[in-house]
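To start, the structure itself, in structure tokens.
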Amino acid sequence: MTARGAETSGRTGHVSAGDLLRLGFFGLRTRPTRVVLSALGIAIGIAAMIAVVGISSSSQAALDRVLDGLGTNLLRASPGESYSGDAVPLPAESVEMLDRRDDVETAAGVGRVGDQKVYRTDRVPAAASGGIGLDVVQGDLQGALGAELASGCWFGPAADQLPQVVLGAVAAATLGLDHVDGDTRIWIGGRWVAVAGILEPLPLAPDLDSSALVPAAGADRQFGFDGHPTQLFVRAAPDSVTAVRDLIAATVSPSAPSDVSVARPSDALAAQQATEDSFTGLLLGIGGVALLVGGIGVANTMVITVLERRAEVGVRRALGARRRHVRDQFLVESLMLSSLGGAAGVAIGVVVTVVFAVSQGWPVSIPLWAAAGGLAATVLIGGVSGLYPASRAARIPPTSALAAT
């Protein structure tokens, strides 16, 4: 439609939506540089918000995938403290007592041997142990933790005669081992010990990543193990987790259940996620500030546009355009400008989320509400930012505008 055709429609008191869109597009096309810079401010704010929500959601999806694989029915018990503040040892029969319960799927324990050091060879200085601990395995620890092997195997059938060890991921890296074969040995307690395997990292028992694990059979004579576990891991029946958690202490130590501390490792991961969510809230606030700055940029652009186009407004008013027609034109321009920035921002935010999630090995998860909310926010910002400039344009008297030409 020509400018005169639009004014003819204006005399009838009606300007169609198509006419307004064409007028808005024409107004933006005549100032491409200013439009791009103003839209960029909106795009940065929306992109920041989409990326923050998307990355946070992808992180949560990765955590959920880990928990789904490992299960949330793992419970962990450790020695409590006496009134004097000293740790109370767990009974040597703790694993056997827990295994007798019908609502326990798997029970296992590890006992720390504090006076034993782990070395790569017998020529490493005694002080250079690397902080690797020696833990004795009781029960089915591999099944309880869902442990996977990065190399090698779990303890072999001759573990009760030949000293064997399975290394945690961090312990293996400290010793400079990334795979094992039949000849791999390390030095523990003044003797060579065959390395049976290397574990993948254990998300629900990260302290064991720095441990060298040996079987309980023969550990008393080989390493001086006293038989008392220092940690217990209990895989409860999925529908009995709460009941098992409440009864572990009484089962292990009937006479003094307060001497046993019980925790749920998945709760620690959930707490970690909650901390990350708090940080996400901070980043969303920063994105909101960027969005506000972008809205101010749109308002500034529209105010300047109104001042520069006083003559155009005067001509339109003289040809019969009403105030609401002028107001609607500039309001549509503002909405189109902010919507352009919002669409670009959503696209940038999605790309950033996908690239980051893929680089971390996470599933890509971008909530639909985030993209829809981002676009809705741009429409709201466009309306608010353009309302004053549009009203100002509508109030320009035809004679005043024409006098400026």
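Any read-out appearing in this document is the output of simple, stated calculations on the displayed coordinates, not a laboratory observation. Keep in mind that this is a model prediction, so the values were computed, not measured. Glycine also receives a Cβ, built like all others from the backbone with ideal geometry; neighbour counts cover every protein chain displayed.
For V124, V234, what's the fewest-to-most ordering of other Cβ within 10 Å of each Cβ?
On the way: V124 16, V234 30.
Fewest to most other Cβ atoms nearby, the residues stand as V124, V234.
Within a 10 angstrom radius of the beta carbon, how do H179, H325 rank from fewest other beta carbons to most?
Working: H179 12, H325 22.
Fewest to most other Cβ atoms nearby, the residues stand as H179, H325.
State the Kirkwood hydrodynamic radius of the stretch 74-263 in Å, one decimal place, computed from all pairs of distinct Cα atoms. Can you show the working numbers first?
Details: mean 1/r = 0.0587 Å⁻¹.
Averaging 1/r across every pair of different Cα atoms and inverting gives 17.0 Å.
Quick one: give the max-minus-min coordinate of the C-alpha atoms of the stretch 151-201 along each principal axis, largest first, in Å.
So the extents along the principal axes, rounded to whole Å, are 27, 23, 17.
What are the principal axis extents of the Cα atoms in the stretch 316-388, in Å, biggest first?
Principal-axis extents of the Cα atoms in the stretch 316-388, largest first: 63, 16, 15 Å.
Express in % the proportion of alpha carbon pairs of the stretch 180-262 at distances exceeding 21 Å. Before the final figure, lay out the partial values.
Details: 1771 of 3403 pairs.
Result: 52 percent of Cα pairs exceed 21 Å.
Relative to the compact-globule scaling 2.2 N^0.38 Å, provide the ratio for the alpha-carbon radius of gyration of the stretch 71-187.
On the way: Rg = 16.6 Å, N = 117, 2.2 N^0.38 = 13.4 Å.
Taking N as the residue count of the stretch 71-187, the ratio is 1.24.
What does the charge count near V124 come to, summing +1 for each Lys or Arg and -1 for each Asp or Glu among other residues with Cβ under 15 Å from its Cβ?
Working: positive: K117, R120, R123, R185, R191; negative: D122.
Neighbourhood net charge equals +4.
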